[in-house]
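Accompanying notes for the structure given below.
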Amino acid sequence: MATILPSPPKIGMVSLGCPKNLVDSERILTKLRADGYAMSPDYAGADVVLVNTCGFLDSAKEESLDAIGEAMAENGRVIVTGCMGREAETIRARFPGILAITGAQAYEQVVGAVYDAAPMPPSAFLNLVPERDLKLTPRHYSYLKISEGCNHRCSFCIIPAIRGDLVSRRPDAILREAEKLVAAGTRELLVISQDTSAYGLDLRHAEWPWKGAPVRAHMTDLARELGKLGAWVRLHYVYPYPHVDRVIPLMADGLVLPYLDIPFQHAAPSVLRRMKRPANDAKVLERLANWRSICPDIAVRSSFVVGFPGETEADFQYLLDWLTEAQLDRVGAFRFEPVAGAAANDLPGAVPEAVKEERYARIMEHTALISAAKLQHKIGRTLDVIIDAVDPEDGGATGRSRADAPEIDGEVHLRDAGHLQQGDIVAVEIEDADEHDLFGVPLI
């Protein structure tokens with residue numbers, strides 16, 4: 001006699017915000033899939049919709065509220081989690097029909113809310129552990145979260161209030177996860193946290209056994225061991241602590257990608273002091289020069305805030321002059337937005353919105369010229385490129401060089417590449433460049 005299995009409840013997911021939120025979403029979905037739940041690609045087929053929110057800036061909160069509103073309108077059975085979960089009253093005031101609201105990293109509470117909203121029918125055949133964790137990114141790259149929280153108290157930031165102080169994962173647990181990801185097809189590991197340089201500080205950089213030898217809970221040791229797994233390793237959210245200098249030789253040796261994502265935020269000492277950030281800009285320039293002497297191909301990306309309270313025209317010009325000297329490869333900029341609960345809101349010298357817009361336009365134009373000049377020097381070179389997408393019809397493909405992280409940096413556009421596959425890493429001759437992207441042809 002045939003056994004008719006009950007249909008498992010289906011879960012929809014909307015994930016907003018940074019890659020750290022994306023990793024949280026993947027963990028939640030993996031747990032639910034292990035418990036037998038199915039995934040729904042649309043609102044109509046979902047028994048319940050999860051919305052993982054971002055609450056860092058007011059604009060991000062509005063985007064989160066819009067996403068919640070869409071999910072309520074299209075489905076009506078919604079559970080909210082993530083950074084904006086700490087503002088449950090605001091969410092419920094606008095959407096009183098929300099099923100449940102939890103905060104960031106509250107994996108068990110989210111799963112428990114799903115159990116209540118869409119109970120799993122009893123069946124020994126439905127509760128199956130998936131072969132590998134569910135991913136919301138393409139198969140060939142994966143975000144690897146090494147810690148939660150942050151010990152900094154920057155005046156414009158409320159992340160510690162949302163996610164708490166630094167809590168590092170054990171290095172053997174991180175390496176075991178990375179090893180599984182590589183075995184499942186990951187070609188690029190993107191290391192993320194709130195402060196990658198501080199990794200292991202809360203663990204007193206203790207040692208754990210790994211592959212018959214000890215490995216410290218320390219950024220340098222972790223990067224070295226990750227580099228042995230055979231995938232590209234890209235470091236994000238790196239504060240320029242002195243020990244970062246010891247990672248640069250690993251880049252020169254090919255163990256780690258020659259890429260650093262450092263959130264400098266500004267360069268003018270007076271602005272950095274009001275931000276409660278390190279303010280030794282001259283030392284940073286010396287270290288950039290030293291890093292480039294050790295690893296000439298190193299790419300440094302950063303982000304900057306314009307229009308911070310008290311920022312004068314002289315401060316902004318200082319930043320532009322500093323950027324000219326620093327010659328960063330990739331730069332993003334943000335207009336200052338007050339964040340509820342941030343100390344910066346009480347600082348004097350609010351910058352008018354029109355001035356913020358004007359400075360934003362100037363910094364983007366300034367850094368685009370620097371980027372264009374640097375990319376021009378890559379014409380004629382052969383670079384390794386990881387393939388993100390292939391269009392068999394027109395024979396083109398899109399990928400990224402070692403200097404480009406997915407979704408935030410530039411791309412490499414290829415011709416005569418229809419034979420390639422997503423995840424391939426190929427040698428490419430660079431034929432042209434614009435302000436942000438490269439153009440070339442694969443050599444295979």
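If you go through region 28-45 and keep only what is at pLDDT 85 or above and surrounded by fewer than 17 Cβ atoms within 10 Å (Cβ to Cβ), you end up with Ala38, Met39, Pro41, Asp42, Ala44, Gly45. Within region 346-370, residues that are farther than 22 Å from Cys154 by Cα reach partners that are open to solvent by 60 Å² or more (accessible area, probe 1.4 Å) and part of a helix (DSSP H, G or I) with beta carbons closer than 8 Å, at six or more positions or on different chains, in the pairs His366/Thr324; Ile370/Thr324. Taking (1) among the acidic types (Asp, Glu); (2) modelled with pLDDT under 95; (3) open to solvent by 70 Å² or more (accessible area, probe 1.4 Å) in turn, Glu337 satisfies each apart from (3).
Of the residues Trp232, Trp208, the single one that is of a type in the set (A, V, I, L, M, F, W, C), in contact with an Asp or Glu (Cβ under 6 Å, 6 or more places away or on another chain) and modelled with pLDDT under 95 is Trp208. The set of residues in region 296-318 that are surrounded by 19 or more Cβ atoms within 10 Å (Cβ to Cβ), of a type outside the set (Val, Ile, Thr) and in contact with a helix residue (DSSP H, G or I) (Cβ under 7 Å, 6 or more places away or on another chain) comprises Phe304, Gly307, Phe308, Pro309, Glu311, Asp315, Phe316. Count of region 313-331 residues, restricted to those that are in contact with a Phe, Trp or Tyr (Cβ under 9 Å, 6 or more places away or on another chain), under 18 Å from Ala361 (Cβ atoms) and among the acidic types (Asp, Glu), is 1.
Looking at Lys378, Lys356, just one residue is touching a strand residue (DSSP E or B) at 6+ places or on another chain (Cβ under 8 Å), open to solvent by less than 50 Å² (accessible area, probe 1.4 Å) and within 22 Å of Phe56 (Cα to Cα), and that residue is Lys356. Does region 318-329 contain at least one residue that is of a type in the set (A, V, I, L, M), assigned to a loop (DSSP other than H, G, I, E, B) and modelled with pLDDT of 95 or more? Yes, region 318-329 contains a residue that is of a type in the set (A, V, I, L, M), assigned to a loop (DSSP other than H, G, I, E, B) and modelled with pLDDT of 95 or more.
Can you tell me which residue in region 70-94 is modelled with the lowest pLDDT, limited to those that are open to solvent by 30 Å² or more (accessible area, probe 1.4 Å), in contact with a strand residue (DSSP E or B) (Cβ under 9 Å, 6 or more places away or on another chain) and among the hydrophobic types (A, V, I, L, M, F, W, C)? Here the residue is Ala88.
Could you go through region 331-348 and let me know if any residue there is over 28 Å from Cys150 (Cα atoms) and in a loop (DSSP other than H, G, I, E, B). No.
With respect to the conditions (1) at pLDDT 85 or above; (2) crowded, with 16+ Cβ neighbours inside 10 Å; (3) of a type in the set (A, V, I, L, M, F, W, C), Ile162 falls short on a single one, namely (1).
The set of residues in region 49-69 being closer than 19 Å to Ala161 by Cα, open to solvent by less than 20 Å² (accessible area, probe 1.4 Å) and in contact (Cβ under 8 Å) with a residue 40 or more places away in the chain consists of Gly55, Ala60, Ser64. Residues that are crowded, with 16+ Cβ neighbours inside 10 Å, farther than 30 Å from Asn345 by Cα and in contact with a helix residue (DSSP H, G or I) (Cβ under 9 Å, 6 or more places away or on another chain): does region 149-156 have at least one? Checking region 149-156: not a single residue is crowded, with 16+ Cβ neighbours inside 10 Å, farther than 30 Å from Asn345 by Cα and in contact with a helix residue (DSSP H, G or I) (Cβ under 9 Å, 6 or more places away or on another chain). In region 99-110, the qualifying residues are those that are part of a helix (DSSP H, G or I) and surrounded by fewer than 18 Cβ atoms within 10 Å (Cβ to Cβ), and the one that is nearest to the chain's Cα centre (by Cα) is Tyr107.
The values are calculated or read from the model by the stated rules, or taken from the named source; none is laboratory data. Because the structure is a prediction, the values reported are computed rather than measured. No Cβ is skipped: glycine too gets one built from the backbone with ideal geometry, and neighbour counts run over all protein chains shown. Note: accessible area is taken over every heavy atom of the protein model, side chains too, but ligands, DNA and RNA are not part of it. Shrake-Rupley method; radii C 1.70, N 1.55, O 1.52, S 1.80 Å.
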